[in-house]
Amino acid sequence: MQDKLNRAEQLLRSLLEVAPTPNLWCALGEVVDDDALLERAWEQSHGRLARAKRLLGGNAFKRGDYDAARRHLGEALQVNAQFPGAWFRLGAAAMRTRDWVAAKTAYARVVMLEPEDGDSWANLAAVLDQLGDGEAAFAAAGEAVRHANLNWRVWDTYLTLALRGDHMNAAIHALDTLIDVGGRRADGAGGTVDAGAMLKVVAWLVGESGASGASGASGASGTSAAAAAADAEHRARARERFDALVAKIKAKTESRPDVWAVLAHYYEARGDRAAVRDALLRRCRALMRADKWWDQLAAVRQVCLTARGVVGATQTLCSGSERDAEMVAETSSFVDGVLERVDRGAWRGASPSEPEEATRVAVEGLRGARLS
């Protein structure tokens, strides 16, 4: 590669001896990475060779001199505004200097020139969010996921904006998609679920949130009864999608305690005690996968509190049938196994503390739970 650059430099210098044109000075400046030669090309062109300024802007951006990058790129775009790459870099430099208005203008020009540029739509969404225009940011993020639908970062942004704007169906769609595209994450967190986002969706689904869902009821401008009916229908469709998401979570993702806590809450609000018991059991087993959990105060407390929840759910379900007797036996055996490990654990400290007392209360609460 270096040999090719050396030959190119020699050729350009020989050509410059014959005809020192602005284009040749610009080419040489690019080959040898010399800003002085690029400036010379710009001057000799009498401010008409936009390429020289684009290269100067790119070099300044790489150095972290974002003000200089903005100046050079702005001059280049005054000469020729049909370069989306220059607008993109100008927008990036404006973002680095926190000039959100200039960044908005730059990225708006990019998507006008390249409507299918998902990264530019995503950056425009981020800029609009900074400017406080949440709905426009959400719309831009929607374009971003349409054109960059395998980019997990874009979907993560879309999820955040959907939740902020109460677009709950969109949030469910984003959670579902993130399970599939999350495997592309470099941090190894692929295939996981955002439990905090799920909790917000669940709060809306079960009526604990004041969120409207941002669609459905908005179309019913007549009576309040019609609006309520439209909202109920909207939530019912969302629950169907959420239940499909839960099925995917169970089939495709790693079992996580925080996710099962959210689902237990969801099933409790729906009155599905069998599903509550199943979710709590799964949460407990997920907590117990932690290395030496029985030696850790917080882990012991969480396991015991969750196991006690399993006992409570089992008591509510049982009515004395043979099948219920099997469930009681299974739960009793599970609780005995938890207590056996807890009793062998090293979670008790040399001197009592408030967290230790809370853990002791949780342990004794589980020990005192009885199934009948």
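FYI, it's all coordinate maths here, none of it is from the lab. This structure is a prediction, so every number in the text was calculated from the model and none was measured. We place every Cβ from the backbone using ideal geometry, glycine too, and count neighbours over all the protein chains shown.
A few points about this structure:
- Ordering GLU240, GLU30 from the fewest to the most neighbouring beta carbons within 10 Å gives GLU240, GLU30.
- Relative exposure of HIS173, HIS72, HIS234, judged by other C-beta atoms within 10 Å (fewest first): HIS173, HIS234, HIS72
- Here each label is just a point 7 Å from Cα along the line to Cβ, and for ALA274 and ARG348 those points are 4.1 nm apart.
- For the chain, fraction of C-alpha pairs farther apart than 35 Å, in %: 51 percent
- Where Rh is the Kirkwood radius over Cα pairs, Rg/Rh for the stretch 1-75: 1.01
- Over 24 Å (Cα to Cα) - which of LYS200/LYS250; LYS104/LYS200; LYS53/LYS104 fall in this group: LYS104/LYS200
- Degrees between helix 134-147 axis and first principal axis of the chain (Cα, 0 to 90, nearest 10): 80 degrees
- Gain upon complete extension [LYS252, ASP291; 0.36 nm per residue less C-alpha separation]: 11.8 nm
- Projected-area average for the stretch 297-372 over all orientations - Cα convex hull basis, square nanometres: 4.8 nm²
- Student exercise, the chain dipole from Lys, Arg, Asp, Glu Cβ charges, in Debye to nearest 20: 220 debye
- In this calculation the C-beta distance from ALA36 to MET112 is compared with R0 = 35 Å, giving a FRET efficiency of 0.50.
- Using C-alpha pairs under 8 Å with a sequence gap of at least 6, the mean separation divided by the residue count of the stretch 284-372 gives a relative contact order of 44 percent.
- Relative contact order (percent, whole number), the chain, Cα cutoff 8 Å, 6+ residue spacing: 7 percent
- Most fluctuating residue given options LYS248, LYS292, LYS53, as computed from a GNM of the chain linking Cα atoms under 10 Å: LYS292
- The fewest-to-most ranking of ILE249, ILE172 by surrounding Cβ atoms within 10 Å reads ILE249, ILE172.
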